[in-house]
Structure formats: C-alpha cells, structure tokens
Amino acid sequence: MMTNQTRPILALLCLAVLTSLMTSFASAQTVNEIRAKALYTELRCVVCAGQAIAESNAELAQDMRAQVTVLIAANKSDAEIRDWFVTRYGDAVLMNPPLKPLTLALWFGPLLIFVLGAGITGLVMMRAQSRLVEKER
Amino acid sequence: MNTNFLRMAIFVLGAVAIVLVGTLLWFGLSSQRNPADFPTSTSIQPDFSAFGQGRALPGFEDFSDIAAVRAGVEGPFVVNFFASWCQPCRLEHPYLLEFGAANPGRLIGLAYRDDPINAATYLTTDGNPYAAVLADTDSLNALNFGLTGVPETYVFSADGNLLFRSPGPLIGALKSQFIDAWAAAQK
C-alpha cells in the first residue's frame, strides 16, 4: 500500500534514476564524439596532400569519418580502428608514421643532423681557441 | 687539443654531414616523386568482406550478382571503380568497353559515390563494359579496397591476390602497365 509519505520519496527516486540514465547516455555519446574527433586528426585524408580527415571536406574524407563513427559504434578500440585503416591503406594513412626499424631515420634523422652540426660547430670553435692559445705562446 | 686532430675531425664530420643531407635531397627532390600523391601499394590486400554488397543500378539488375559472375568464370579478374560524375573515367571508358568485350565475365564495376540512376544513365548512353556492376553504397568497398579516387582499377589473380593497381585512368603509361599486368595474370 502506498501511503502519502512514501509517494514523494518514490517520485524522487524515479527522478534520480531517470536523470542518471540520461546523463550516462549523454556522456557515453560525448565520449564517443571526443574519441571520433581525436581519430579524425590521426588519420590522413588520402586524396588531399598533408591533411587529416578532420580538416578535409573531400568525399573520401567524409567516407572515412563516417567509417570511424561506425567502428566506434561497433565498440572497436582506437587501436583497432587505426589498424582497420592501416590494413587497407598502409602506414601512410596515419598522420604520425609508426616507430619501426624502417622509419628510424625519419624519427631520428633530424636529431642526428643537428648533433652533427653542433659537433662541427664545437670543433671549429675549439680549433679557433687552440690557434689563439698557440699564437699567444 | 692538437690542431691537426681538430682539423681532421671537422673535415670528417663535414663530409658525413654533406653525404647525409645530399642523399636526403637526392631522394626527396626526385622529379619522379610527387609528395602530394598517396602511396598506393600492391602489397596491401583489399578486403573482400563487403564485395558483392551494394545497390543494383536500375535497368542493370541482371548485372547485379557479382558472386554469380565470379563463380561463372575461373581465372584472374579486374575491379574498376568509376562514377558518372568523374571526367577521367570517360577517358578510359572506350578502353574498358574494348577490354570487357575481349574478356567476358572478367570486368567488375563499382560506382563510387554515385546515384544509381545517374550511373545507369551513364552506362546506357556510353555503353556497359562490366560483367557485373553495383553502386557501392556507404563507400564500404571503396574503403575496403584502399581506394584513393576514381577511376581506380585493380587486377586480381584467380584466388583474389592483388597483382596490379592503376591509381588513375587506363590511358597512356597506366594503360600499357595494365595490359602487361593482365597478360602476366593469365600465366
């Protein structure tokens, strides 16, 4: 039997359940949107030079964005979604090339050239210094 | 420190730097290489999981069963992505008609991002080179095949291994490469 006292408590309970359901649904949606947006910036538009699919309105980029949301809705992880595109388009579909033996030069080449340059500069300065010292003697 | 040693070290490091940067420039500035082109590769296998899915073109319903066409002929086959809105597709269309007539049952067409009605009109007025043709709804086959644009043509061996892909219309150099690849696929 429902008394006059339990009725407001029940109503409150219903409201609480309803709002928590609504917010969890909404947050799940926004989480997916955030994930999709992050993936859009990681995947290359294959028909536009040097652009991510986030920035491009090319039809293929639209298709790729749609596919990302389809894969997210199918509960695929970010890594699985990246792999989905890599198996079809190759590593070039990623904006950041993966670090592997073949791409070592790509990642560390500029550092190597910088170290070489710094080394040469240092040696030239040392040589000038030692010449100066020799002259003073 | 010894001046001679320093002079030597500067010379060696300088030579290494010049060779390194020179090699980078040599390959990076090659006239053969267009950095705007997306690298297409035959080492990437298309995914056939959605092959045969799509919408029939109105009036071409008899040509809509890709699986039946594939089952009907043994041997290598060709998949061509096209669209009625695509101008370069019209350049290769006469050759496709010729190829389709010479190789019955081997040429499969997929209309990319095209209204099935427009694609049907295109094939009615310009001729249908395809043994089977569908509109690729949701572009699922396009993504599964690693498509970078239309037209794009794929040569497959009988068991579905990718042998050659032409990332552009079958005219000029791409056409002769395609002819060679198709001849090699027969062996």
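For this structure, a couple of remarks:
- Among residues of the stretch A:88-102 being part of a helix (DSSP H, G or I) and of a type in the set (A, V, I, L, M, F, W, C), the one that is surrounded by the most Cβ atoms within 10 Å (Cβ to Cβ) is A:93.
- Yes/no for residue B:31 being within 14 Å of chain A (Cβ to nearest Cβ) and farther than 18 Å from residue B:175 by Cβ: no
- Any chance residue B:42 is modelled with pLDDT under 90 and more than 22 Å from the chain's Cα centre (by Cα): no
- Lone unmet requirement of (1) open to solvent by less than 10 Å² (accessible area, probe 1.4 Å); (2) in contact with a helix residue (DSSP H, G or I) (Cβ under 7 Å, 6 or more places away or on another chain); (3) of a type in the set (Phe, Trp, Tyr) for residue B:156: (2)
- Residues of the stretch B:44-67 that are without any contact (Cβ under 8 Å) to a residue 60 or more places away in the chain and more than 11 Å from residue B:108 (Cβ to Cβ): B:61, B:62.
- Per the conditions (1) more than 18 Å from residue B:178 (Cβ to Cβ); (2) open to solvent by 20 Å² or more (accessible area, probe 1.4 Å), the sole criterion not satisfied by residue B:83 is (2).
- Among the criteria (1) among the hydrophobic types (A, V, I, L, M, F, W, C); (2) open to solvent by 60 Å² or more (accessible area, probe 1.4 Å); (3) touching a Gly at 6+ places or on another chain (Cβ under 8 Å), the one residue A:60 does not fulfil is (2).
- Any hit, the stretch A:76-87, residues being within 22 Å of residue B:137 (Cβ to Cβ), within 12 Å of another protein chain (Cβ to nearest Cβ) and not in a helix (DSSP H, G or I): no
- Unique match (being open to solvent by less than 10 Å² (accessible area, probe 1.4 Å), of a type outside the set (Ser, Thr, Tyr) and under 29 Å from residue A:93 (Cβ atoms)) among B:181, B:132: B:132
- Checked against (1) open to solvent by 70 Å² or more (accessible area, probe 1.4 Å); (2) small (Gly, Ala, Ser); (3) more than 10 Å from chain B (Cβ to nearest Cβ), residue A:105 meets all criteria but (3).
- Qualifying residue in the stretch B:25-34 (condition: within 17 Å of the chain's Cα centre (by Cα) and basic (Lys, Arg)): no
- For the stretch B:94-181, the strands (runs of 3 or more DSSP E) that sit wholly inside it and include 3 or more residues that are among the aliphatic types (A, V, I, L, M) are B:107-112, B:132-136.
- Filter result for residue B:72 (within 21 Å of residue B:178 (Cβ to Cβ), without any contact (Cβ under 8 Å) to a residue 60 or more places away in the chain and of a type outside the set (A, V, I, L, M, F, W, C)): no
- Number of positions in the stretch B:86-104 that are of a type outside the set (D, E, K, R), open to solvent by 70 Å² or more (accessible area, probe 1.4 Å) and in contact (Cβ under 8 Å) with a residue 12 or more places away in the chain: 3
The values are calculated or read from the model by the stated rules, or taken from the named source; none is laboratory data. Because the structure is predicted, anything quoted here is derived from the model rather than measured. So basically every Cβ, Gly included, is an ideal-geometry build from the backbone, and we count neighbours across all protein chains shown. Keep in mind that these areas ignore ligands, DNA and RNA; they rest on the heavy atoms of the full protein, side chains included. Shrake-Rupley method; radii C 1.70, N 1.55, O 1.52, S 1.80 Å.
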